[in-house]
Each structure stands twice: as C-alpha cells, then as structure tokens.
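The values are calculated or read from the model by the stated rules, or taken from the named source; none is laboratory data. Worth saying up front: this structure is predicted, and the values here are computed from it rather than measured. Cβ placement follows ideal geometry from the backbone for every residue including glycine, while neighbour counts extend to all protein chains displayed. Please note that ligands, DNA and RNA were not included when accessible areas were found on the heavy atoms of the full protein model with its side chains. Shrake-Rupley method; radii C 1.70, N 1.55, O 1.52, S 1.80 Å.
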Amino acid sequence: MIFDKFCWFKEKGMKRILLKILTLALIAGIFACASSSGLKFNPGTYQGTAAGFGGDITTEVTVDAGRILSIKIVSQNDTPEISKEAFDRIPKAIISGQTLAVDTVSGATFSSDGIINAVTAALQKSGVDIAALKNRKPGAGEAVQLVSKSDSADVVVIGAGGAGLSAAVSAHQNGAKVIILEKMTKAGGNTINCGTAYNTADPARQAAVSMTDAHRASIQQLITKSPAHSPFETELQQTVKKQYDEFVASGKPGIFDSPEWHMLQTYNGGDYLGKPELIRVLAGNSLATLEWLQSNGMEWTNDIWTVLGALWPRTHRPVKPLGTGFIETNLKYLEAQKDRVVILYDTKATELIVQNGRVTGVKATAPGVDYTFTATKGLVIATGGFSANKEMRQKFNTQWPNLDNASSTNHTGATGDGIIMAEAIGANLVGMEWIQLLPMGDPKTGSLSGNIEQGVEDRFFVNKNGDRFMNEAGRRDDMTKALFAQPDAWMWVICDSQSYPTPQVKNNFNESIEELINAGRAFGGNTIEELASKIGVPAANLRKATDDFNAGVAAGKDSFGRSLWRIKIDKPPYYAGARIPTVHHTMGGIEINTDTQVINKSGQIIPGLYAAGEATGGIHGANRLGGNAVADIHTFGRIAGANAALAR
Ligand code: ADP
C-alpha cells in the first residue's frame, strides 16, 4: 500500500478542517498532454453514495466522453484525523490513474473503501465499463511522446540512484509520466556500491537478536540524558521509556527497538543537529519503505546485523549483493513502463528553469544534443552528494583538517550538481560542513571494497603496533578521528572463522575471504601469532588486544566504552584486512521540508521543486548513523515522487 504508515503526512495535515478537504477534493483533470484513456463514458456529472466509517459518503463525479475529470466529496461524516489522507489522496489517485484500482490508505480502510465505492456508484450511472475501470492499471494507455529536444512529463527526476529511481517509481505509481535524467551511462550512483545496509526497527526480524546488558545500558543512558536539547528529545525519551518498560514486562524475545528509539539514536548520533521533523519521517517510515520495495519485487534476507556506526542491531540485508537489489528492483519496474517512463542515460542536467517563481523544468545536455525538459507537476533533484568533488569538499569542510588528498568511497559522479543547481535558483543549503569519513577505506583506492568486517559485534581493530585504540562500535566520526591519530592513519580489522565459516563466504561487498587473501588484500593465520607475523605487527601486542577484546565480550564492557558485543574472537583461522580513512557521505545539502519540497533562503517553499537523497541536508546532523542513508534515500525518494506526481 503506497501510503502505508506514512506518518509524515499525518503529522503535517491532521488538523486541517474538513471544509478545506471538501473544497480541495474538486480536482481538475491533470494530464498536461492527455490522450484518450480508451474508456467510454456518457459525459455528465453523476452522484454516488456508499458507506464510510462514520456514515454515508456522497461523491459527485464529472466525466467527458473519455475521462474522469473531477471528483467532489459532497458529504461525509468520517473522523478527520483518521480519514483526511484518504479524502485527500484517493480522488487524486483515481483521476490521475483513470482507474478504480487504487490503493487504500492504511489506517483509513473504511473511508478509503467508502470513497472508492461512492465514486464507483456514481460512475455506474455514466455507462462506463466498471469492471474495466477496476482492472485498469493506473495510467495505462496514456502514451507519452518521447523524446524530443523539448519534451515534457508530469515529473522529471534528475539522477538515477537510489533516491531518484524510488522517486520515479513512486511518481509512476501515482499516475505520473516520468522522465529520468542520468548523467552516467548507467543507473546506480553510489547506491549500487553501498554495503547493503538498511536500518529500520522491525520487531519481527529483531526477535532473533539477543539483548545484552550493554544494550540495556545504552537505552538507559539516552532516555535519562539531561538536560534535553529540545522538546523532541524529551518526547522521545518519554516514549522510549514507556515502550521499553512495556517490552521488558512483556517478556518478548529479541532486542528492543522502535521507530522512536531509532529516532533518538539518530538525533543523538548527529549531535542533535538533525531536524526533528525529518528524523521523524525517516525512522517513522523506513519499515513501510522496506515493505514497499518488497512489494515492487525487492528480496530481503531475515538477517539483522549492525553496520559500522549504526549503534544498534537494526540493519537489514537484501538478498542481492551491495546495492544491486535496490537498483535492479526499481529499474525493472520502470523499464516495464515504456509508455509512461523514459530513462535518458549520458544526459546531464545543467540548469533549472524557473518561470514566475516556479520550477518548470530543466536544461540538460547529452552527446550531440541539448534538451529542455518541462516538468508540468514537479521536478525532483536526486543527484546525490559531493564526496567526489574535491573543490566543493574543501570549500565547505570545517570538520576535518584537510581533505584535499583524501580518497573517497564514492563514484565519480558524486559531484554535488543538484546542490549547485538548486542553490543557483535560491535554494537554501544546510549542514554543508558535515562531511562523513569512514575508517574503512581500501588503502589503495579508498573504496569500501575489501572490507572484511561482517558486522560491528564480530571484529575489533588494531593499529600498526597491534594495539586496540578505540571503541569500535562507536560513531563514524569518532572512529575516523581515532584512526587519524594512529601511525600512518592505518588499521587492521581483525575477525575469525565465525565471520567466514568457509573460505568461500563473502563479505558485504560480494568478495569471498579466499579471493581477498589470494589478491593480497586480506590475511589469514591459524593462530593470532601467525596472523601477527603476516601483517607485520608485534605478536604479543595482537595477542593482548585479542585477549582484551575477549575479556570485553565476557564483561560486556571495556575501557574504550564499547557497547556492542556478541562473540569472542577465538575460532581460528583468524583474519586481518587493512583500512584507512576515506570520504564517504556528505550530510549537508538542499533544505527540504517533510514533503521533500525545496526551501529557499527566506524559508519559503520553491514551487515545483522537490529533492531527496544525499543531495538534501538536515536529516543526519553532524554525523550520520551507518545504515541510515539507504533508508533515507528510498524513504524520501518515495515521498518526493508521490508528492511531485500529485501536485497541482
Ligand atoms: P542517492 O543515494 O541520493 O540516490 P546516488 O549517488 O545513488 O545518490 O545517485 C545520484 C545519481 O545522480 C547518480 O547516478 C549520479 O550520476 C546522478 N547525477 C548526478 N548529477 C547529475 C546531473 N547533473 N544530471 C543527471 N544525473 C546526475
């Protein structure tokens, strides 16, 4: 269900008065270049009534010979807080898709069904084939003329990474014709290279995770932290306390988690600089987005793990390696909509077009051709971050000593184009100084490839001396700072056969430990001493580090303040892989609201312009939790696509 659990919407609109809903429900036909839908109606206006949640719903539907033109809610008596979303969305979805096969709104099923049934009753009087309308794929039959040098679509999306493709799918599902521009020769962006990590509270899957005293201590620490930084934090502390007490009293298996606990950790982990309302959307909708991706064909394992810097075991793993599952799922969906969706590769967006204060399109360039695309409803910027743009990094960085020569995990296209284009037309930028480095770069390339850790709990780090030197379960910024302070800013990840039960077992980047060892990128030893000699660290130190770590597992704590523990590293063979600091993610970017509308420097919405994904700022504050980005880009991408498609 497309708006399942979309509390971002409820939060924003719950208080609006009923009268406004009724007025707004008079919706004009919205296709800019509509063609015949293939349906036959007797033109006119018809009324239909059906039962809703609080009584009858009466609608008035106007049709011409080939299309449903408008739906007006004449009367209804449903509870506004519960039903508002249904009254707002369903008439729009019926009109934009020219179909009765629209999703109901979760939590407002009675109202949703009532609206659909009342519209059906009205349309029955128009002589249309109701069965055909009920079976009609949303938007089917609306042929789009693509591609000319100056084409138009309801929604234009810039960027075919995780956020952009999700926006495009969501826009299409909401009845839009979509043009997607991608400057590289293939889709995927950084998303396709990500380490599969998707964070969401998910009690069903998390029931298999054991909860330790260290986990309990982490909860206590954050819910009692005082003074609170904002009413948001106080509210979360109170909610999490209540939820946690109930969880303990229930005797339920597994580890405690909830969207609010995810929010509190995200807020705290970003030094309370993330915007509460955006954090709420992220953590409040990430499970629904996971399920939405699944409904579009994405396969997930039941594994729950903790990716580096996630701070809690709520990381989900797709079946397909890296980010391929996300990209392939969305691409497969989009490529099946040839009459409604066009993806143009090797086509770089260069400039946003603004007319009378509204973004109406974008200029783009491809080999041998310059385009001007019009977005009749909305334009979505989903161009990713700027980790691969050294000048931009240098311009905004205040957090790190010097990033001039720093390597990056990013693809070469992560150059901040969307941020630059948006700022050029007045968009506000937020948090640009917050640039995330990981202590997990390949020593040669800076990429994530070759990282042998399978999860935070199951490995520790040592420096070139063979000494542990940090809380390896901490924040990404803290860990990277600790690594910079070590000799040559170099460390070894140490794990054992519990991470690689056989040599063929793969890491999170689709590489087996055997392949990595054969390539000289990882090392194995049957004893700690043998491993130490292979990586050139003093054996006594590596032994001591291993013993320290294992004592920490037994005690559930150590002198570094580590809070995530699971297994002792004591099952040979032992493995080591080298890592260095690397630029990974830019937390800052275009300011958006909870509807993903872009905000200008005066705090006002820029009509027609939406943004999602790493191109945006304000969600993660000073430090993003590991595993939050993949959830962020797909959640906000999905919202952006829907809102752009349904805009008027
Ligand atoms: P996100 O995680 O936010 O989805 P990604 O890096 O995965 O970000 O995807 C962003 C995509 O946008 C990349 O495929 C990148 O090549 C593309 N892109 C960046 N700038 C432009 C541009 N000017 N025109 C078209 N595509 C762009």
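In the stretch 598-631, how many are within 16 Å of the ligand (Cβ to nearest atom) and of a type outside the set (Gly, Ala, Ser)? Residues flagged as within 16 Å of the ligand (Cβ to nearest atom) and of a type outside the set (Gly, Ala, Ser) within the stretch 598-631 amount to 11. In the stretch 342-358, of all residues being assigned to a strand (DSSP E or B) and more than 15 Å from the ligand (Cβ to nearest atom), the one that is surrounded by the most Cβ atoms within 10 Å (Cβ to Cβ) corresponds to VAL354. Here the condition is being within 16 Å of the ligand (Cβ to nearest atom) and among the small types (Gly, Ala, Ser); of ALA204, ALA249, ALA187, it holds for ALA187 alone.
Give me a count of the residues in the stretch 144-181 that are in contact with a Cys (Cβ under 9 Å, 6 or more places away or on another chain) and surrounded by fewer than 24 Cβ atoms within 10 Å (Cβ to Cβ). Selection size over the stretch 144-181: 3. Between VAL281, VAL307, the distinction of being hydrophobic (A, V, I, L, M, F, W, C), crowded, with 24+ Cβ neighbours inside 10 Å and assigned to a helix (DSSP H, G or I) belongs to VAL281 only. For the stretch 377-421, the set of residues classified as assigned to a helix (DSSP H, G or I) and within 11 Å of the ligand (Cβ to nearest atom) consists of ASP417, GLY418, ILE419, ILE420, MET421, listed by residue number. Buried (at least 18 other Cβ atoms within 10 Å of the Cβ), closer than 28 Å to ILE192 by Cβ and charged (D, E, K, R) - does that describe any residue in the stretch 501-516? Yes, the stretch 501-516 contains at least one residue that is buried (at least 18 other Cβ atoms within 10 Å of the Cβ), closer than 28 Å to ILE192 by Cβ and charged (D, E, K, R). Among residues of the stretch 47-60 being open to solvent by 40 Å² or more (accessible area, probe 1.4 Å) and within 18 Å of LYS72 (Cβ to Cβ), the one that is modelled with the lowest pLDDT is ASP56.
If you go through the stretch 152-167 and pick out every residue that is modelled with pLDDT of 95 or more and over 15 Å from GLY384 (Cα atoms), you end up with 4. Looking at the stretch 182-276, the helices (runs of 4 or more DSSP H) lying wholly inside it that each contain 2 or more residues that are surrounded by 17 or more Cβ atoms within 10 Å (Cβ to Cβ) and out of contact with any strand residue (DSSP E or B) (no Cβ under 6 Å at 6 or more places or on another chain) sit at 213-223, 231-250, 259-269.
From the list ASP570, ASP548, the lone residue that is in a loop (DSSP other than H, G, I, E, B) and more than 33 Å from the chain's Cα centre (by Cα) is ASP570.
Of all the criteria given as (1) open to solvent by 10 Å² or more (accessible area, probe 1.4 Å); (2) touching a Phe, Trp or Tyr at 6+ places or on another chain (Cβ under 8 Å), the one not satisfied by ARG579 is (1).
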